[in-house]
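Reading through the structure tokens given below for one structure.
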Amino acid sequence: RSARAGFGAALTESLRAALGPKVPILMRFSQWEVQDLKCIKYSTSAELREFLYALQDAGVDAFDVSTRMWDSPAFPSEDVTMGLAAWCKKLLLERAASASDGGAISAIPAVLAVGGLTISRQFLDAA
């Protein structure tokens, strides 16, 4: 388990033990550091996969994915069309599909996307 995932996974395991299996646990995380918006936490989909799987194993039921712009590519060198939330869903679906239980849909955490929902003045003026 990476250091980045370690704290979140340990916290989630403690919450899951205290709350039991019926209370959903949502983990909100960001691709960016608040103090330095040029600092990207996950440089590759492999780093993101390690983080997601550790938290899923610990008991997270849903991921609230925050990025500066929800539709910006998370890993442009890998795919220019997929934002961070799309990558999360893809990686979680791949894991479920390769699981021995055939990828039961109930085992796939929900993924929410947040970030940069604005309309430019140029767009409004053209309408």
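The values are calculated or read from the model by the stated rules, or taken from the named source; none is laboratory data. Small disclaimer: the values here were computed from a predicted structure and weren't measured. Cβ atoms come from the backbone with ideal geometry, glycine included; neighbour counts cover every protein chain shown. Side chains are part of the model used for accessible areas, which takes the heavy atoms of the whole protein and leaves out ligands, DNA and RNA. Shrake-Rupley method; radii C 1.70, N 1.55, O 1.52, S 1.80 Å.
Using only the alpha carbons, work out the radius of gyration and Dmax of the range 1-112 in angstrom.
Gyration radius and largest Cα-Cα distance of the range 1-112: 14.1, 42 Å.
Could you please report the charge total around Cys39, scoring K, R as +1 and D, E as -1 over all other residues with beta-carbon less than 15 angstrom from its beta-carbon?
Once all neighbours under 15 Å are counted, the net charge is +1.
When we measure straight from the Cα of Lys22, which aspartates and glutamates land under 18 angstrom away, once same-chain ones fewer than 8 places off are left out?
Glu13, Asp57, Asp61
Using a 1.4 Å probe and counting only protein heavy atoms, arrange Ile25, Ile40 so the residue with the most accessible area comes first.
Ile40, Ile25
Multiplying the sequence separation of Tyr53 and Ala10 by 0.36 nm and subtracting their Cα-Cα distance, what value in nm do you get?
14.2 nm is the gain from fully extending Tyr53 to Ala10.
What list of ³J(HN,Hα) values in whole Hz, one per residue of the range 40-46 in order, does the Karplus curve 6.51 cos²θ - 1.76 cosθ + 1.60 (θ = phi - 60°) give from phi, with Gly and Pro shown as x?
Result, rounded to whole Hz: 9, 6, 10, 7, 9, 5, 5.
What whole-number value in Å² describes the accessible area per residue of the range 1-76 for a 1.4 Å probe?
So the range 1-76 comes to 58 Å² accessible per residue, rounded to a whole number.
How about Lys41: which lysines have a C-alpha closer than 23 Å to its C-alpha, ignoring those fewer than 8 places off in the same chain?
Cα-Cα hits under 23 Å: Lys89, Lys90.
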